[in-house]
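Working notes for the structure below.
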Amino acid sequence: MSQQAQQMLDRHRETLDQAVEAITSRGFWTPYPENIKKYPEEAVKGAPERFKAMLEQHYALKVPAVAGQVGGEVSPYGFELGVTYDQPEQGALIDAMQAAMPAWRDAGAEARVGVCLEILARLNAMSPDIAQAVSHTSGQAPMMAFQAGGPHAQDRGLEAVTYAWQAMSQVPATAKWVKPQGKHDPLVLDKRYHIVPRGISLVVACSTFPTWNTYPGLFASLATGNPVILKPHPAAILPVAMTARVAQEVLEEAGFDPCLVSLVPDTAEAPVTKELALDPAVKLIDFTGSNAFGEWLEQNATQAQVFTEKAGINTVIIDSVEQIKPVAQNLAFTLSLYSGQMCTTTQAIYVPKEGIKTADGQLSFDEVAGTLAKAVEKFLSDNDRACAVLGAIQSPATAARIDECRGLGEVLLDSEPREHAQFPGARVHTPLLLKVDAGQRDAFSEERFGPISFVIATDSTAHSIELAREVIGEKGAITLGAYTTDDSVAEQFEELAMEVAAPLSLNLDGGVFVNQSAAYSDFHATGGNPAANASLCDQSFVTRRFVVVQSRRHGKLD
């Protein structure tokens with residue numbers, strides 16, 4: 001191990017040890033503060049100006065050979081970024097990465113993990129700057145962009161490194177194998193065990209969470225010895241490019257080829273992802289995005305291990321509540337946060353048509369649905385607060401979907417555009433809430449990405465559970481929420497969660513929301529239903545990225 005890599009590991013060893021403890025105990029822990037006040041005041045205040053200085057410029061990275069330049073990002077807040085990036089020549093990049101891989105493999109787990117920890121530490125220090133880039137590519141509101149794009153993404157990256165470290169540490173470098181042979185001398189073999197990476201890793205980033213959904217695959221692959229191609233969404237290149245630059249700087253300082261982490265940007269008009277995904281040298285693919293492309297990767301990129309997170313029908317079932325108001329307030333935040341553009345946002349809310357029991361008596365279906373609509377309306381009544389929660393809608397196609405879905409049910413709460421005080425051209429829309437009957441399955445059983453949700457009238461809670469089981473079984477879900485005051489019904493929800501392999505949030509009515517996921521404690525997705533074939537993050541997410549190759553030879557007793 002190089003002296004630099006050893007120093008990096010030593011510098012962050014306490015963080016690594018605490019992370020191992022955290023994924024074992026599953027309690028709250030983070031080395032990366034989510035409170036922006038914990039960061040240097042100059043770093044926070046100066047971030048907008050540093051972001052502006054990157055606009056209309058070329059963003060340079062280490063590239064073996066340049067095929068051309070691409071750009072074209074437009075902020076959902078209404079202006080062009082004007083940043084350009086080198087697009088590597090694919091053959092030259094693949095050759096360079098394959099040439100760099102043996103040294104990275106042979107450096108060993110400690111060196112690789114030390115480098116990854118240093119990359120994450122530097123990314124954390126840059127969180128205010130990354131937040132600017134995330135906000136103006138994804139449309140996330142500033143505070144969400146800071147937390148989700150910065151420390152929470154870094155948490156998920158560290159979590160992947162920790163699982164990789166844990167898995168690799170379980171494989172000894174050497175062993176002496178001694179088998180007794182009765183009256184004869186024992187049979188002695190000296191054995192060596194090598195952690196061998198599978199090959200080049202392709203991480204296909206999404207436009208809505210360009211760092212949070214990218215870091216697990218990036219760091220799981222890099223820590224286990226695989227070079228990584230980062231393929232950003234054409235609308236959200238900058239945050240991924242900033243990440244790549246930090247990774248390249250740290251790799252070079254530690255004595256490794258910086259092209260071990262490389263950016264391959266493209267445009268919507270001339271995409272390169274399919275070509276990259278089918279390259280024989282690409283052995284790992286991480287993808288977050290649409291069902292159609294995720295399924296294409298699973299079916300066609302057969303030379304690679306493919307990890308996908310796709311769309312699903314996230315669900316809440318309401319059986320009974322103590323008080324409807326705090327439940328409605330909790331769900332109002334869930335439906336409003338980032339304009340429903342989270343893979344965890346609830347779309348289907350099942351309520352019995354005869355209503356629900358509360359501590360204050362029976363509430364009819366219409367009263368439940370009306371209370372929820374009013375809670376969203378009230379929560380977003382202050383325009384400044386609304387913009388701070390809603391953010392901007394990343395894609396014009398998502399905004400157009402609101403109009404397309406209005407006719408799918410009775411409008412409980414109509415979506416309306418909002419004016420952003422700082423950015424008049426921002427694409428800001430409040431949620432659309434629709435009332436449908438359980439028989440209108442075509443309406444609510446397809447993912448409607450964006451601020452679009454359905455309150456569904458069912459025959460009973462048992463019918464709600466049955467529908468959820470069928471729809472999630474067919475389409476998948478990343479989140480499942482439920483409300484009940486009956487312990488026996490709660491157990492039915494627990495059973496449902498296991499049957500459909502979706503994590504359950506039960507009776508949340510405070511400051512915890514179904515669409516939030518905590519690293520080191522919550523498994524994000526399970527890999528057990530059609531919405532995702534992998535979990536962020538567990539052992540299987542990292543162990544499929546390397547193989548163990550052993551050698552053995554005759555040895556002698558010491």
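Brief remarks follow.
- Top-ranked residue in the stretch 308-334 [being among the small types (Gly, Ala, Ser) and more than 16 Å from GLY510 (Cα to Cα); ranked as surrounded by the fewest Cβ atoms within 10 Å (Cβ to Cβ)]: SER320
- Scanning the stretch 100-124 for residues that are farther than 24 Å from ARG192 by Cα and among the aliphatic types (A, V, I, L, M) yields VAL115, LEU117, ILE119, LEU120, ALA121, LEU123.
- Within the set VAL70, VAL83, VAL74, VAL20, the sole residue that is under 24 Å from the mean Cα position of the chain (by Cα), farther than 30 Å from VAL512 by Cβ and in contact (Cβ under 8 Å) with a residue 24 or more places away in the chain turns out to be VAL74.
- Test for VAL306: is it over 27 Å from ASP382 (Cβ atoms) and either part of a strand (DSSP E or B) or polar (S, T, N, Q) (or both): yes
- Scanning the stretch 281-305 for residues that are more than 30 Å from THR334 (Cβ to Cβ) and either surrounded by 15 or more Cβ atoms within 10 Å (Cβ to Cβ) or in contact with a Gly (Cβ under 9 Å, 6 or more places away or on another chain) (or both) gives ALA281, VAL282, LYS283, LEU284, ILE285, TRP296, ALA301, GLN303, ALA304, GLN305.
- Any hit, the stretch 425-432, residues being in contact (Cβ under 8 Å) with a residue 60 or more places away in the chain and β-branched (Val, Ile, Thr): yes
- Residue selected from the stretch 371-404 under the condition without any contact (Cβ under 8 Å) to a residue 40 or more places away in the chain and over 14 Å from LEU433 (Cα atoms), by the criterion surrounded by the fewest Cβ atoms within 10 Å (Cβ to Cβ): SER381
- Of all residues in the stretch 332-354 being part of a loop (DSSP other than H, G, I, E, B) and not β-branched (Val, Ile, Thr), the one that is nearest to ILE313 (Cα to Cα): GLN347
- Selection within the stretch 86-119 - under 25 Å from the mean Cα position of the chain (by Cα) and either among the acidic types (Asp, Glu) or surrounded by fewer than 19 Cβ atoms within 10 Å (Cβ to Cβ) (or both): GLU118
- Among the residues of the stretch 23-67, those that are under 25 Å from the mean Cα position of the chain (by Cα), of a type in the set (A, V, I, L, M, F, W, C) and over 20 Å from GLU249 (Cβ atoms) comprise ILE23, PHE28, TRP29, ILE36, VAL44.
- Hits in the stretch 45-72 (condition: surrounded by 15 or more Cβ atoms within 10 Å (Cβ to Cβ), within 24 Å of PRO258 (Cβ to Cβ) and touching a Gly at 6+ places or on another chain (Cβ under 8 Å)): GLY71
- Residues of the stretch 177-191 satisfying the condition of being part of a strand (DSSP E or B) and free of Cβ contacts under 8 Å to residues at least 40 places away in the same chain: LYS179, PRO180, GLN181, HIS184, ASP185, LEU187
- Any hit, the stretch 335-352, residues being in contact with a Phe, Trp or Tyr (Cβ under 8 Å, 6 or more places away or on another chain), under 30 Å from PRO232 (Cβ atoms), buried (at least 23 other Cβ atoms within 10 Å of the Cβ) and without any contact (Cβ under 8 Å) to a residue 24 or more places away in the chain: no
- Which numbered condition THR358 fails, given (1) in contact (Cβ under 8 Å) with a residue 40 or more places away in the chain; (2) out of contact with any Cys (no Cβ under 7 Å at 6 or more places or on another chain): (1)
- Residue identified as in the same structural domain as ALA400 (by TED's automatic domain parsing) and touching a strand residue (DSSP E or B) at 6+ places or on another chain (Cβ under 9 Å) among SER517, SER460, SER488: SER460
- Residue check, ILE313 in a loop (DSSP other than H, G, I, E, B) and touching a strand residue (DSSP E or B) at 6+ places or on another chain (Cβ under 6 Å): yes
- Residues of the stretch 1-28 satisfying the condition of being closer than 16 Å to ALA164 by Cα and in a helix (DSSP H, G or I): LEU9, ARG13, THR15, LEU16, ASP17, GLN18, ALA19, VAL20, GLU21, ALA22, ILE23, THR24
- Selection over the stretch 160-176 of residues that are in a helix (DSSP H, G or I) and either out of contact with any Phe, Trp or Tyr (no Cβ under 6 Å at 6 or more places or on another chain) or surrounded by fewer than 24 Cβ atoms within 10 Å (Cβ to Cβ) (or both) gives a count of 8.
- Residue match in the stretch 192-200 (condition: closer than 22 Å to GLY289 by Cα and in a helix (DSSP H, G or I)): no
The values are calculated or read from the model by the stated rules, or taken from the named source; none is laboratory data. Here the structure is a predicted model, which is why all the values come from computation and not from measurement. Please note: Cβ atoms are built from the backbone with ideal geometry, for glycine as well, and neighbour counts cover all protein chains shown.
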